[in-house]
Each structure stands twice: as C-alpha cells, then as structure tokens.
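Computed from the coordinates by the stated procedures, all read-outs in this text should not be read as laboratory data. Quick caveat: nothing in here was measured; it's all calculated off a predicted structure. In this analysis, Cβ positions are derived from the backbone assuming ideal geometry, glycine residues included, and neighbour counts consider all displayed protein chains.
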Amino acid sequence: MGLLSGKKALIVGVASKLSIAYAIAEAFHREGAELAFTYQGEKLGERVKKMAAQWNSDICIPCNVSSDEEIANVFSELKEKWDGIDILVHSVGFAPGEELDGDYLTATSREGFRIAHDISAYSFVALAKEARPMMQDRNGAMLTLTYHGSQQTLPNYNVMGLAKASLEAAVRYMAGSVGAEGIRVNSVSAGPIRTLAASGIKNFRKMLKKNADRAPLKRNITAEEVANTAVFLCSDMASGVTAQNIYVDGGFNTCAMSAEDMEDNDTKDNDAKA
Ligand code: NAD
Ligand code: 0WE
C-alpha cells in the first residue's frame, strides 16, 4: 500500500523530464496515486500526453493559467472523469526574461510585475477556487513550489522574489479558507535545481556551487527529494500540517556563512597580512 493509494491528484506544471512536477508525478505514481495533468500550450501537449501514459493516465488538459476560462475548462473536463480530487499540485512560475537580469529597480516594470504575480502567485488561488468544490471533506491537500528568494535577496531573482512572497502568504490565507473543509494547503521551498525554469539564468552554475558549499548537507538537492516531501505533505501522514512552508534545500536557508565562505583568498584581511 502506497502513501497515496486511492488518491486522485491533479498536477499542474509538467514541461519536461527535468520539471519538479515530473519528479512529483513519478513519486505520486510510485505511492499509488491516480494522476491527471495540465499542460501550458499545444507545443507541450504531445510531450505531456506521452509522459502521462507512462503513469497510466489519459487525462491531459490544456491550461494556460493566465486564463480563467481555461482553468474553468480543466475542472469541467475533470468532473467527467473523476467524482472528486484529493490533491492539487501547483508547480508554475514565470516572469518575462528581462525582469530576471540585473539591478532590481532598473529591471522591474509595471507589466513584468503584473505578469510575474499573475502567473506565479494568483494562478494558485485561481486553480484552488475551481478545485475547491471537488475537494470537499476528503482530507485533501493543495501544494505549491516556492523559493527562498521570497525571504532574502539574491542577484537577478528580482520580481520573482516578490511573487514568491505573495505565493507564500497565499498559502496561509488559503489554508484558513479551506481548513474547515478538510483541505490542507502547504508549500515546499526547494533549493536551486537545473530545470527549464533555471536555464538561461545568469551564473546558475556558480549559484549551485555556492549553495552546495554553504548548505549544512554540503550538496545540492534533487527534484526527487522535493518530490518525496511533496508525497508526505499530500498524504494523510501530514494530516496535522497546514499553512506551512517546508524547506528542501539541504538547510541552506538557515546558514548566513559557512567555513567554506572563509576560504576566499581575495580579502582585505589577507592583503593586510601579505
Ligand atoms: P519548469 O520549467 O519545468 O516548470 C515551470 C512550469 O511552469 C512549466 O511546466 C511551464 O509550462 C509552467 N508555466 C509557466 N507559465 C505558465 C502559464 N502561463 N500557464 C501554465 N503553465 C505555465 O521548472 P521547475 O523548476 O520545475 O519549476 C516549477 C516550480 O518550482 C516553479 O514554481 C519554480 O519557481 C519552483 N522552484 C524551482 C526551483 C529551481 O531551482 N528549479 C527552485 C525552487 C522553486
Ligand atoms: O523560480 C525560479 C525560476 C523562475 C523563472 C525562470 C524563468 C526563466 C525563463 C521565472 N520566469 C522565467 N522566465 C524566463 O523567461 N527558480 C527558483 C529558479 C531560479 O531562477 C533564478 C534563480 C533560481 C534559483 C533566477 C535568478 C537567480 C536565481
């Protein structure tokens, strides 16, 4: 018996085999869940359908999360196949590329801010509104993916940091909305992982190295590790856990400076000694 056997899960955010949502689907399938998927646009349709088939799922519905009509359509189609939903996974984030490059105040525009918050934060609320009637009184769980750039600054994450801060606050308010209906709402804050959403980000390699060096675990984390925490949070093992953000980052978020950070040779201290 898997931790999720008998549960029906809708997974939003599979784009490739590297997607965190892909690893979550793999782990949910392993734990006995029945799966349904959405995909962003026609370009991804065939790819996601093939992946779904490998988990014995034939439910794949197009959904650009910026459209209320497309979101409503997902749940009207799902209602034809399922009598209810136990789990909603939101693994979606986007800001226009030019927002994630350089000085925050210079890079941020009104339209970029709007898009980042719409796609990365409001879309979780919009999906939850429509999922809610199908999730009543069945120990349901909603889950989203966030990043520590919501709490502390780093170069280039820029307006995504604000959008993730909004998303994390949404988790708490949503948990209050649906708690009495037996639905829990949580997030996983993942350390950096090489996915499509990380491709094209300046200095991502350097960032992975800095993360590994500073993290108490002294390495980066994998999408599979994120997925296993997702299994826990969406399972009945976590029946008392709601409105929480769980870090799966090797402990990085707790460490201001590591011994490795002291090994930098290019400092004034060393210059003075020389
Ligand atoms: P990914 O590119 O595989 O996934 C992002 C998904 O967002 C894709 O499936 C894409 O289709 C979807 N998406 C974007 N705009 C959309 C729209 N308008 N409508 C519908 N779908 C849309 O990358 P990922 O790293 O797996 O990202 C998943 C989540 O994990 C994101 O919320 C991201 O912020 C978060 N996260 C990623 C990392 C990392 O380092 N990769 C770390 C922490 C959190
Ligand atoms: O949330 C993210 C990535 C979000 C993201 C990525 C892109 C790249 C392509 C949102 N929008 C876009 N738009 C594009 O056009 N992460 C947590 C991964 C990530 O992105 C960073 C990071 C990390 C970590 C950007 C700068 C610094 C660190």
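Overview of values
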read-out	value
Dipole of region 1-138, positive direction: furthest Cα of A107, S66, V48, with charges on the beta-carbon	V48
Spacing of the two label points (7 Å from each Cα toward its C-beta) at S239 and A53, in nm	4.0 nm
Convex hull volume per residue in cubic angstrom - Cα atoms of the chain	134 Å³
Percent RCO, i.e. relative contact order, over the chain, from Cα pairs under 8 Å lying at least 6 residues apart	19 percent
Computed [θ] at 222 nm, helices only, for the chain once each DSSP H run of length n ≥ 4 contributes -39500 (n - 2.57)	-12000 deg cm²/dmol
Length released on extending from D118 to M257, taking residue separation times 0.36 nm less the Cα-Cα span	46.6 nm
Charge tally in the Cβ shell below 13 Å around A126, where Lys, Arg are +1 and Asp, Glu are -1, A126 excluded	-3
For region 132-140, Karplus couplings with θ = phi - 60° (6.51, -1.76, 1.60), whole Hz, Gly/Pro x	3, x, 8, 10, 5, 6, 9, 6, x
³J(HN,Hα), Karplus 6.51/-1.76/1.60, whole Hz, each residue of region 204-219, x for Gly, Pro	4, 4, 4, 5, 4, 5, 4, 5, 4, 5, 7, 5, x, 6, 6, 7
For R184, residues with placed amide H under 5 Å, excluding near neighbours	G140, A141, M142
Charge dipole magnitude, Cβ of K and R +1, D and E -1 - region 171-214, Cα centre, debye nearest 20	460 debye
Spatially proximal lysines relative to K79 (Cα-Cα < 29 Å; intrachain offsets below 8 disregarded)	K7, K8, K17, K43, K49, K50, K129
